[in-house]
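Encoded as structure tokens, the structure appears first; notes follow it.
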């Protein structure tokens, strides 16, 4: 192996950690990548640390419920708390008004008080729910160590004004322009600002684009223009220290283009509302009443590595804890007939067979 | 370095004598990029003097460098030794709104660059096979604003290099994009021109941690000694690791 830099390869992590450690709200990950928090502790944990810096995250919206807004809000709020620059684009007339609806972080006291009942409950749970609580305990340890990296947000309390009145928050309405050129320009100046100082990433930025192809926008019928915009945005984000989150309604994109969009995404997430009175589903899943919706992870960013990310489960339920904090939980099948085997109905049968040791009961 | 014929993929693809077109197809659930990395590494084995021209639309150089370094192949060194050319097309934009000519110009310029590189490399001493790799073709279409005719023209231009200099081609494309009738011609033409078609797909039962997916390799086969051409299809499972990919027949993994 002719290598001019013998210290490269998997040993380079320490070098990069020294370089990025100072940036607030950025966590060092494997393969020389770094993570930004998504603003939802559980989602960070599912994705293996958060959104990879330099990746393009796409959220497929549900046509009936605005669950994607929850994800966007938490993502944006988390950035503002870390004082990271933010660019927000939306088809609304007044995108800046949306900033007033961002959630505010919970006080640490409250955070502790809501952790406790969960721990107590864990002792009482029966075997088929064990795994979930192992995961949660781990995340608490992480949360304790990196308290600033990811906050819990109180969805009922708006973010204080001083967080977003600064000059580093940029808003743009998609409705005014006949094409995507102005937005692209804003994105490129935004990412140029981030990576200004001699190529080194000094701060991380967040770009949030809501409902990119919604019918209010004049360009919503120009498939190729939108695709090339996404591709350019991906290139920009990759070379600068930013994460772009785009949400879009998949039903408005034609099937072949939808596939193209999905291929362009580094991380692909979809949210789905669950109907109120679905009795069959209510029978199948425990805790159905508290569920807001379902979140599926289709793709996890693979930057600097070729190994695919294999998740334990791909579908999670979105719940509101105490009606304020958004949490994600593995789906738990209710023990209806007893023959359903593992409680992880969503993880494939192959992984189930390999893990049968843990789930033996 | 490990044995050339060590794995099932090598066996299915066969020994390359140059002038071969390999098409890799994947889908959203399972990326086929690792097959590309495999061919990249194989072309850059130290005991040959083959060269690679890599046209990247999908990732920057650092991404490939890091992956290949883990596989025991240093792209930076190969670049210095004139065995590896990296054309970063991440920001290639064939400007629109000015008619068709400009779109074509971007790809023409790219073809010019490729041809120049091939000319230089083939004039260097030693018998060498030059492999041209494209990652990935669907993004060329995006760069060309959806005119798949221009992309096809570009690819046909590239294929002329095969006759002239004996270049090999390895291209990545996404199969699931081409489901509607008006987008079909591109992938059909690509498959028609290919000698080897490799499809990467996830298992029907979903992703598992010990079996990542299935590869099906259609080798249209060079004309064998007896005169008849034989096309072979092989299916096997794979598991991608950082430094190597395991290939095995279903159920034979220990």
Practice item. Tell me which residues, restricted to region B:30-82, are surrounded by fewer than 18 Cβ atoms within 10 Å (Cβ to Cβ), modelled with pLDDT under 90 and either away from every other protein chain (no Cβ under 11 Å) or in contact with a helix residue (DSSP H, G or I) (Cβ under 7 Å, 6 or more places away or on another chain) (or both). Key: B:45, B:47, B:48, B:49, B:82
Study note, to complete from the structure: For strands (runs of 3 or more DSSP E) lying entirely in region A:239-307, having 1 or more residues that are within 11 Å of residue A:57 (Cα to Cα) and facing chain B (nearest Cβ under 8 Å) picks out A:267-273, A:291-299
Check your understanding: Considering A:43, A:80, A:70, A:87, which residue is part of a helix (DSSP H, G or I) and touching a helix residue (DSSP H, G or I) at 6+ places or on another chain (Cβ under 6 Å)?
Key -> A:80
Practice item. From (1) touching a residue at least 24 places away in the same chain (Cβ under 8 Å); (2) in contact with a strand residue (DSSP E or B) (Cβ under 9 Å, 6 or more places away or on another chain); (3) crowded, with 20+ Cβ neighbours inside 10 Å, pick out the condition that doesn't hold for residue A:297. Key: (3)
Practice item. Scan region B:154-168 and give yes if some residue there is away from chain A (no Cβ under 14 Å) and within 20 Å of residue B:91 (Cα to Cα), otherwise no. Key: yes
Practice item. Working only within region B:200-214, note down all residues that are more than 7 Å from chain A (Cβ to nearest Cβ) and touching a residue at least 60 places away in the same chain (Cβ under 8 Å). Key: B:200, B:201, B:202, B:213
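The values are calculated or read from the model by the stated rules, or taken from the named source; none is laboratory data. What you are looking at is a predicted structure, and each value in this text was computed from that prediction instead of being measured. Using ideal geometry, Cβ is built from the backbone for each residue, glycine included, and neighbour counts are taken over all protein chains shown.
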